[in-house]
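Structure first, then comments.
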Amino acid sequence: ILGESGTGKEVAAMLIHKLSARSQRNFLKVNCAAMPADLLESELFGYEQGAFTGAVKSKPGKFEICDKGTILLDEIGEMPPVLQAKLLQVLQDGSFSRLGSRTTVKVDVRVIAATNIDIKAAIAQKTFREDLYYRLNGFTLRMPPLRERTEEIPILAKHFMRKIATKYECEPLAISPALMQNLTAYSWPGNLRELENTIKRYL
């Protein structure tokens, strides 16, 4: 799933999971840009007791927990190159080893990857493996920025108003035609996230 930050890539991934035969199984998100390579590896693939300092007991990784379910690898373009090779193996044969383990684990996980970077440019710069891109790229969904789908702004603004009013236990405010016109005319560099926060401040 490709798109700028805040365009709703995670929402699209959750919807894919919810409408699929895997909907009764786990859906987990891992942000590949939020942690260093060694921590990300243990988060994804788990570890055995004593695998490193502080590993006092074995822990399954997200891939094991998501067996028969869906895992969203958010900001996949930021995944360290050393982990890209291990991910490629999992995608090819569904097997991997926990950190510190000599045995392999077999899983059946649907992988959804999302990024806001130019993945073709990352391949050209050798920061993202080309073979991993082709393995991941079964289907591509592009989430357009809000400025390219302004006809959705009235619907989204009213949705966010209802959602936030419910959260804060207050009555929703009416959005005047003049305000709606301004909302529709604005370019929304922060996309849906910025629109939601604008409605929150208004309320």
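The values are calculated or read from the model by the stated rules, or taken from the named source; none is laboratory data. Computed from a predicted model, the values in this text were never measured in an experiment. Ideal geometry is used to build each Cβ from the backbone, glycine not excepted, and the neighbour counts take in all protein chains shown. Note: areas computed on protein heavy atoms with side chains; ligands, DNA, RNA excluded. Shrake-Rupley method; radii C 1.70, N 1.55, O 1.52, S 1.80 Å.
Regarding Ile175, is this residue open to solvent by 30 Å² or more (accessible area, probe 1.4 Å), of a type in the set (A, V, I, L, M, F, W, C) and over 20 Å from the mean Cα position of the chain (by Cα)?
Values: open to solvent by 30 Å² or more (accessible area, probe 1.4 Å): yes; of a type in the set (A, V, I, L, M, F, W, C): yes; over 20 Å from the mean Cα position of the chain (by Cα): yes.
Yes, satisfied.
I want to confirm something. Restricting to segment 69-89 and keeping residues that are in a helix (DSSP H, G or I), open to solvent by less than 10 Å² (accessible area, probe 1.4 Å) and of a type in the set (A, V, I, L, M), which single residue is nearest to Ala13 (Cα to Cα)?
Filtering segment 69-89 for residues that are in a helix (DSSP H, G or I), open to solvent by less than 10 Å² (accessible area, probe 1.4 Å) and of a type in the set (A, V, I, L, M), the one nearest to Ala13 (Cα to Cα) comes out as Ile76.
Go through segment 3-28 residue by residue and tally those that are of a type in the set (D, E, K, R), touching a residue at least 60 places away in the same chain (Cβ under 8 Å) and not in a loop (DSSP other than H, G, I, E, B).
2
For segment 90-128, what are the residues that are within 26 Å of Tyr47 (Cα to Cα), assigned to a helix (DSSP H, G or I) and either within 18 Å of the chain's Cα centre (by Cα) or not acidic (Asp, Glu) (or both)?
Of everything in segment 90-128, those that are within 26 Å of Tyr47 (Cα to Cα), assigned to a helix (DSSP H, G or I) and either within 18 Å of the chain's Cα centre (by Cα) or not acidic (Asp, Glu) (or both) turn out to be Val90, Leu91, Gln92.
Considering each residue of segment 25-65, count those that are open to solvent by 40 Å² or more (accessible area, probe 1.4 Å), hydrophobic (A, V, I, L, M, F, W, C) and in contact with an Asp or Glu (Cβ under 6 Å, 6 or more places away or on another chain), and give that number.
1
Kindly indicate the residue of segment 143-169 that is outside any helix (DSSP H, G or I) and under 15 Å from Leu192 (Cβ atoms) and also least open to solvent (accessible area, probe 1.4 Å) among those meeting that condition.
Our first condition is that a residue be outside any helix (DSSP H, G or I); within segment 143-169, this holds for 143-145, 149, 168-169.
Keeping just the survivors that are under 15 Å from Leu192 (Cβ atoms) gives 143-145, 149.
Numbers: Met143: 37, Pro144: 41, Pro145: 5, Arg149: 24 Å².
Selected residue: Pro145.
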